[in-house]
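The values are calculated or read from the model by the stated rules, or taken from the named source; none is laboratory data. What you see is a predicted model, and the numbers here were worked out from it, not measured in a lab. Please note: Cβ atoms are built from the backbone with ideal geometry, for glycine as well, and neighbour counts cover all protein chains shown.
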Amino acid sequence: MRWCRLYAETVDDAKLKLLAFEDRWHFIALLCLKAQGVLDGNYKPPMLERLIGVKLGVQQRELDEIKRRLSEVGLIADGWQPLAWDKRQFLSDHDVTGAERQERYGLKHGKRVSNALRNGDVTVVDTDTDTDTDTEKKDMCQQAGPSAEPPDEAKRLIERLKQIYPKRDGSQRWAQAESAARARLKEGTSWQQIEDGAVRYARFCHSRGLVGTDKVQQCATFLGTNRGFAEEWNHKKPQLVSSRDPKAGEVLR
């Protein structure tokens with residue numbers, strides 16, 4: 001059975017937070033289609049679109065909108081391909097020779113592997129890809145030593161914001177933004193408060209068509225003493241009252 005990795009941090013992913021709940025599911029469904037090999041099949045574009053539409057249970061017009069929204073926040077590339085797929089998934093997850101390798105490992109270490117090549121498919125244990133052995137972790141701790149400094153929280157926060165903060169035409173002044181982030185964290189502002197504020201502001205900029213322009217607030221200013229991250233940033237477009245609307249309370253002049 002084919003499968004794909006879904007990480008626990010997905011629930012806090014800033015890009016997914018930019019999407020409505022139904023589009024978050026659409027993205028998860030695309031991950032499943034990628035794991036199934038559907039997105040890499042030898043389909044001409046119209047057929048691939050139709051197949052994805054059937055899988056997601058939507059019509060073509062809605063499918064086009066789903067594609068646009070997922071592309072806008074940087075989750076998929078051309079051909080519906082999920083970005084950073086190879087970084088998050090591992091070849092050994094679907095290695096058809098896994099059973100043979102597992103048996104060779106058992107023979108080498110004098111262990112009997114009863115399920116290899118006899119009980120059907122086996123789940124390969126990745127000993128050299130995404131997890132460290134106890135020995136490796138111990139060696140890493142010894143190399144680091146007791147004086148190793150912990151990662152700078154402000155630096156990690158800025159790297160996170162670089163992924164979700166709206167692009168602008170001009171500098172974001174990231175060095176100053178890092179200093180401002182460090183000051184806000186020292187004041188007691190939480191990482192989550194700043195990240196949630198950045199998500200709200202990104203939605204606001206997307207709804208107003210400001211992304212990629214010089215109208216986007218520099219991140220250094222956003223994190224400054226004016227605390228832009230604490231604003232509501234209502235991304236709903238205001239409704240204008242027409243002067244011809246008989247229900248309007250007064251005629252606009």
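I'm checking my understanding of the structure. Among residues of the range 136-165 that are aliphatic (A, V, I, L, M) and farther than 17 Å from R184 by Cα, which one is modelled with the highest pLDDT?
Restricting to residues being aliphatic (A, V, I, L, M) and farther than 17 Å from R184 by Cα, the top hit is I164.
When you scan the range 18-78 for helices (runs of 4 or more DSSP H) that lie fully inside it, which ones turn up with 1 or more residues that are touching a residue at least 40 places away in the same chain (Cβ under 8 Å) and out of contact with any strand residue (DSSP E or B) (no Cβ under 8 Å at 6 or more places or on another chain)?
The helices (runs of 4 or more DSSP H) meeting that bar are 21-36, 60-72.
Can you tell me which residue in the range 3-17 is surrounded by the most Cβ atoms within 10 Å (Cβ to Cβ), limited to those that are in contact (Cβ under 8 Å) with a residue 40 or more places away in the chain and not in a helix (DSSP H, G or I)?
C4
Could you please let me know if Q192 is surrounded by fewer than 13 Cβ atoms within 10 Å (Cβ to Cβ), at pLDDT 50 or above and assigned by TED's automatic domain parsing to the domain that holds R203?
Here the answer is yes, as Q192 does meet what is asked.
So Q217 ticks every box in (1) within 20 Å of L18 (Cβ to Cβ); (2) in a helix (DSSP H, G or I) but one. Which box is left unticked?
So the condition that Q217 fails would be (2).
Go over the candidates R253, R168, R244, R182 one by one and state the one that is basic (K, R), in a helix (DSSP H, G or I) and either surrounded by fewer than 11 Cβ atoms within 10 Å (Cβ to Cβ) or at pLDDT 65 or above (or both).
The conditions single out R182.
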